[in-house]
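Engineer: Provided herewith is a single structure, encoded as structure tokens, for subsequent inquiry.
No value in this document is a laboratory result; all are computed from the given coordinates. Just so it is clear, the structure is predicted and the values come from calculations on it, not from any experiment. So basically every Cβ, Gly included, is an ideal-geometry build from the backbone, and we count neighbours across all protein chains shown.
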Amino acid sequence: MAGYIIYSLDWDKFRNFVNNPTRKQLLAFAEIISDGLDGNDAELEDDDPVHDWPSEPEELCDLVKERLARPDWYGDLSDVGKSVWSTAVAGFCRDAGRKAVGFRVDHDGIYWDVLEIAWKRLKVEPNQIVPDVALSAFGRRPYRYHPPTDAADREVDEPGDDEYYGDDFDDWSAHSMHTPDEVRKMLEELRSIGPAIEGSRNKQAIGDYDSLLPVLEKLDKQRRMLFIQVDT
């Protein structure tokens, strides 16, 4: 089923990994980075910082630890570099499992329709992340990724439309991650457009709304991090 698969992480465990990773965790993360470097070596631009990263996991550990501590994981990387790091984050969270970051499957998939209706009702353009609309980042913003806010720094996705911007997110990542505070805001927004979903006569959207809402309520109550895998 193409759409969104809903996972979650233990927020405290995930933050502990980011802020105080163990040597074993760093090696596990670095091994995925190493595989990504090997698979994308020919595609990396010369001025991409990732181009000069060592390829052996042991040699990558200190570099990985330093980048994990940064408030921005992606801003200085090309799309290929972003993809290498994004893939490692998602892969580590899935592979490390319950013990390291509390990884859990919460919903096996919702289709696109429910989010498309939500974005329309919340006046969010497709592919646009709006700072004050948490649902605009659903499936679109990895952790510690900061979308461009200045139009001059963005790429226009549709010629002639000066208000429709994006940064080709779909080219380099297939997941998004959201803090417990973002989950609470998403839940509030989703509840606010419930009547519009129910009145849409879109059976797929209605069914997905009715199954997504309790999932977010549970994550909010447990203060867990939302992890969304985009399934295309």
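Engineer: Can you list residues whose amide H is under 5 Å from GLY109's amide H, if they're 5+ apart or on another chain and H is modeled 1.01 Å from N?
Structural biologist: Amide H to amide H, under 5 Å and 5 or more residues apart or across chains, GLY109 pairs with ILE6.
Engineer: As I understand it, the dipole of the chain uses +1 on the Cβ of Lys and Arg and -1 on the Cβ of Asp and Glu, about the Cα centre. Which of HIS51, PRO195, GLN222 lies farthest toward its positive end?
Structural biologist: Selected residue: GLN222.
Engineer: Which residues make up the longest stretch of the chain clear of GluC sites (Glu not before Pro) that lie in a DSSP loop with no more than 13 other Cβ atoms within 10 Å, not counting the sites?
Structural biologist: Segment 46-162 is the longest.
Engineer: Most exposed first by the Cβ proxy, i.e. fewest other Cβ within 10 Å, how do HIS175, HIS107 rank?
Structural biologist: Listing HIS175, HIS107 from fewest to most nearby Cβ atoms yields HIS107, HIS175.
Engineer: When Lys and Arg each count +1 and Asp and Glu each count -1, what net charge do the other residues less than 9 Å away from TRP11, Cβ to Cβ, add up to?
Structural biologist: Cβ neighbours under 9 Å give a net charge of +2.
Engineer: How big is the dipole moment of the chain about its Cα centre under a simple scheme where the beta carbon of each Lys and Arg is +1, that of each Asp and Glu is -1, and everything else is neutral? Debye, nearest 20, please.
Structural biologist: 1940 debye
Engineer: Follow-up. Which ³J(HN,Hα) values, rounded to whole Hz and listed in residue order, are derived for segment 124-129 from phi using the Karplus coefficients 6.51, -1.76 and 1.60 in 6.51 cos²θ - 1.76 cosθ + 1.60 with θ = phi - 60°, glycine and proline given as x?
Structural biologist: Taking θ as phi minus 60°, the curve returns 10, 5, x, 6, 10, 9 Hz for segment 124-129.
Engineer: Short version: ³J(HN,Hα) in whole Hz for each residue of segment 186-200, in order, from phi by Karplus 6.51 cos²θ - 1.76 cosθ + 1.60 (θ = phi - 60°), x for Gly and Pro, what are they?
Structural biologist: Karplus-based 3J(HN,Hα) across segment 186-200 equals 4, 4, 4, 5, 5, 5, 5, 9, x, x, 5, 5, 5, x, 6 Hz.
Engineer: Find how much the distance from HIS146 to LYS203 grows on full extension, using 0.36 nm per residue of separation minus their present alpha carbon separation; answer in nm with one decimal.
Structural biologist: 17.1 nm
Engineer: Report the extension gain between ASP108 and ARG191 in nm, rounded to one decimal, defined as 0.36 nm multiplied by the number of residues separating them, less their alpha carbon distance.
Structural biologist: On the way: separation 83, 0.36 × 83 = 29.88 nm, distance 2.11 nm.
Here the answer is 27.8 nm.
Engineer: Counting just the Cα atoms, what span does segment 1-69 cover along each of its three principal axes? Round to the nearest Å and put the largest first.
Structural biologist: Sorted largest first, the three principal extents are 36, 36, 19 Å.
Engineer: Same structure, new question: Tell me, in nm to one decimal, what length is gained between GLU58 and LYS218 on full extension, where the rule is 0.36 nm per residue of separation less the Cα-Cα distance?
Structural biologist: Values: separation 160, 0.36 × 160 = 57.60 nm, distance 3.88 nm.
53.7 nm is the gain from fully extending GLU58 to LYS218.
Engineer: Now a separate question. Report which label in (i) 42, 19, 14; (ii) 31, 22, 14; (iii) 46, 17, 14 holds the value of semi-axes √(5λ) of the Cα gyration tensor in Å derived from the coordinates of this structure.
Structural biologist: (ii)
Engineer: OK, next. Once you keep just the Cα pairs under 8 angstrom separated by 6 or more residues, what percentage relative contact order results for segment 3-231?
Structural biologist: 30 percent
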